[in-house]
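**Q** Have a look at this one.
The values are calculated or read from the model by the stated rules, or taken from the named source; none is laboratory data. Note that this is a predicted model, so its numbers are computed, not measured. Positions of Cβ are generated from backbone atoms using ideal geometry, with glycine treated the same way; all protein chains shown enter the neighbour counts. Heads up: the accessible areas ignore ligands, DNA and RNA and are worked out on the full protein's heavy atoms, side chains in. Shrake-Rupley method; radii C 1.70, N 1.55, O 1.52, S 1.80 Å.
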Amino acid sequence: MTNKMALDYDVIIIGAGITGMYALYQLRKIGYRVHAFEKNGDVGGTWTMNRYPGCKLDSESYTYAYSFLPDLLAEWDWKTEFATQPELNEFFSKAADRMDVRKDTTFNTQVMKAVFDNQENSWTIELDNAEVFKSRFLLSCVGALSHPNMPEYPGMDLFRGETYHTYYWPHERNGYGGQNANFTGKRIGVIGTGSTGVQVIQEVAKTAGELFVFQRNPNWCAPLCNKEISKSRMDEIKNNYEKIFSQCEKTNGGFLHDFKHETAEGTSQDEREALFEELYNQSGFGIWVGSYKDIFTNPTSNKYITDFVSKKIRERVKDPNIAEALIPKDHGFGLKRVPMETNYYEVYNQDNVQLVNNLKDPIQRMTYNGIETQNAKYDLDVIIYATGFDAIIGGIKKMDIRGVGGKTMKEAWINGPYTYLGLQVPDFPNFFMLVGAHNGATNCNIPRCAEAQVRWVSDLFEHIKRSNVLRIEAEQEAADEWTDHVNDVANQTLLTTATNSWFWGEFGEGTKRGHKLLVYNGGNPAYRAKVEEVKTKGYEGFIMREAAVAE
Ligand code: NA7
């Protein structure tokens, strides 16, 4: 039977952040009718939403750009090694202008439901405004950190002061817009001490009347060492973009930094300390991913760096009891995302800052006046929630996605993410997830790996077009193998000892309940090699049905 139903688009993209914008641009360029739906009011994802005071990058700014817009790169001057939110927002906004993607994007619109039609090989999506659209293919580019966690404490609606979640920071009170001065002299409570909380705390501590930091589990933080970029340095960067991007391609995380040595075992203490010291005082993630590769797999090596960073915290925080409360005891250094900081630890030497250790004295409720813990009451003018995200899979969970036979993603992922290459799920034909769970592009300096992923998908879509493919889906066996591989890689690391982290999710029922790593930890080069091999072998692991066969 010939397929006669009307498609609104060939491809619908969900999300117009860094990945979605580029996917739209690429697929449109190769001849697809593409449209994106974006829940926020503009492009840019993370960088249009997180406007809290102190929000900035901890990837080097010039590694975080689109590499395929040479004109923009040539005229764009980064102000600092690690750019602030407004600068990034402006960069990606200009990039959107160059790609002219806004004209094919509907903003302030959320995809609520997507249903696959097994006869027509198409997706029908339903929006939050009740509109319905049909497309042949559906691409999720919803972002890894786009669905925030808001805790549910009793009395939250009673608090008479100002309440913020860092992700939903009001645009008119942009942390860099000067209005933030309103916090001067105020009594502020910050809940959460991940990367976001750390950035907020070190910023608002400068002017707060009193700042109370509500910390549940401490994180290992390390100095960012940000600095301004001079004209001559910027010229040098512009002349070296190609080298910079190619260096990032070689490293596991898509950063400039790479491990100096395979193992720390057998090294002398002096040798190790000298390397750690050098990296601790260097800008960026070098201290995390620039020393010994086996700090992630070998408990002895991990203890070396853990002891080193503990010593640094003890040196920097004057009160030994506070220093101990700031040193994680439940996991080694680097096994969760390392927040990068600027004088974060010194904040706790200030008279206007108090650390509230919620492991010993948990938050009980919010009141009209502030926060009540088991043992104390804190009167506040402002409460800032820096409580993180339903990471990696939050965007997928939020939508009601139904594949062949009405199967839901919840059913498909009952025991954890189940994917082929992190891109497709069996029984969900024509549906792709970019920079999602078990995907090599997710545990990475996002623009670097997102770009590579979009290019790969774009090649696949050229093939689909050339071969008149109506339906593409992952083979079950291929998905089994990939999922086992992702879990095997995770189980060979010490990350399994630090599962209270947004890298992990809890899945399964009864005795099967357990933590599953949400990201692929095999590294960017290994992932890229794998997907290239799949392409070379004629997209091995994908079942494709061409029009003549499918009709
Ligand atoms: P994270 O790193 O997930 O941190 C969230 C923080 O919030 C963490 O300290 C949590 O403590 C704390 N938290 C979460 N829920 C609660 C409740 N209910 N009560 C008290 N404290 C809570 O998120 P971020 O936004 O900081 O960073 C996410 C990524 O964004 C970051 O790594 C960058 O890549 C960009 P816990 O550890 O659970 O005890």
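**Q** On the phi > 0 side of the Ramachandran plot, buried (at least 18 other Cβ atoms within 10 Å of the Cβ) and modelled with pLDDT of 95 or more - does that describe any residue in region 143-150?
**A** yes
**Q** Filter region 309-333 down to residues that are within 13 Å of the ligand (Cβ to nearest atom) and assigned to a loop (DSSP other than H, G, I, E, B) and give me whichever is farthest from the chain's Cα centre (by Cα).
**A** Once the filter is applied, the top-ranked residue is Lys329.
**Q** Just to be sure I understand, how many residues within region 100-110 are part of a helix (DSSP H, G or I) and open to solvent by 50 Å² or more (accessible area, probe 1.4 Å)?
**A** Looking only at that region, the number is 2.
**Q** Between a residue in region 334-354 that is among the charged types (D, E, K, R) and any residue that is within 15 Å of the ligand (Cβ to nearest atom) and not in a loop (DSSP other than H, G, I, E, B), which pairs come within a Cβ distance under 8 Å, given they are 6 or more apart or on different chains?
**A** Arg337/Ser195; Glu341/Val198; Glu341/Gln199; Glu341/Gln202; Glu341/Ala222
**Q** While we're here: Would you check if there is a residue in region 339-356 being part of a strand (DSSP E or B), of a type in the set (Val, Ile, Thr), closer than 26 Å to Pro151 by Cα and at pLDDT 95 or above?
**A** yes
**Q** Only one residue in Glu533, Glu540, Glu481 is open to solvent by 60 Å² or more (accessible area, probe 1.4 Å) and either part of a loop (DSSP other than H, G, I, E, B) or touching a strand residue (DSSP E or B) at 6+ places or on another chain (Cβ under 6 Å) (or both). Which one?
**A** Only one candidate passes the filter, namely Glu540.
**Q** Could you go through region 289-303 and let me know if any residue there is open to solvent by 60 Å² or more (accessible area, probe 1.4 Å), of a type in the set (Val, Ile, Thr) and either over 30 Å from Val353 (Cα atoms) or assigned to a helix (DSSP H, G or I) (or both).
**A** For region 289-303, residues open to solvent by 60 Å² or more (accessible area, probe 1.4 Å), of a type in the set (Val, Ile, Thr) and either over 30 Å from Val353 (Cα atoms) or assigned to a helix (DSSP H, G or I) (or both): present.
**Q** Now for a different question. What are the pairs, 6+ residues apart or on separate chains, where a residue within region 524-540 that is in contact (Cβ under 8 Å) with a residue 60 or more places away in the chain and over 17 Å from Ala479 (Cα atoms) has its Cβ under 8 Å from a residue that is basic (Lys, Arg) and assigned to a helix (DSSP H, G or I)?
**A** So the pair list comes out as Asn524/Arg448; Pro525/Lys250.
**Q** For the condition among the aromatic types (Phe, Trp, Tyr), more than 22 Å from Asn239 (Cα to Cα) and modelled with pLDDT of 95 or more, what is the one hit in Phe137, Phe91, Phe82?
**A** Every option except Phe137 fails the conditions.
**Q** Can you tell me which of Asp97, Asp77, Asp58, Asp71 is in contact with a helix residue (DSSP H, G or I) (Cβ under 8 Å, 6 or more places away or on another chain) and in a helix (DSSP H, G or I)?
**A** Answer to the selection: Asp71.
**Q** I need the full set of residues from region 260-287 which are over 16 Å from Lys303 (Cβ atoms) and assigned to a loop (DSSP other than H, G, I, E, B), in order please.
**A** Lys260, Glu262, Asn281, Gln282, Ser283, Gly284, Phe285
**Q** With the requirement that a residue be within 15 Å of the ligand (Cβ to nearest atom), open to solvent by less than 20 Å² (accessible area, probe 1.4 Å) and of a type in the set (A, V, I, L, M, F, W, C), what does region 345-362 give you?
**A** Val356
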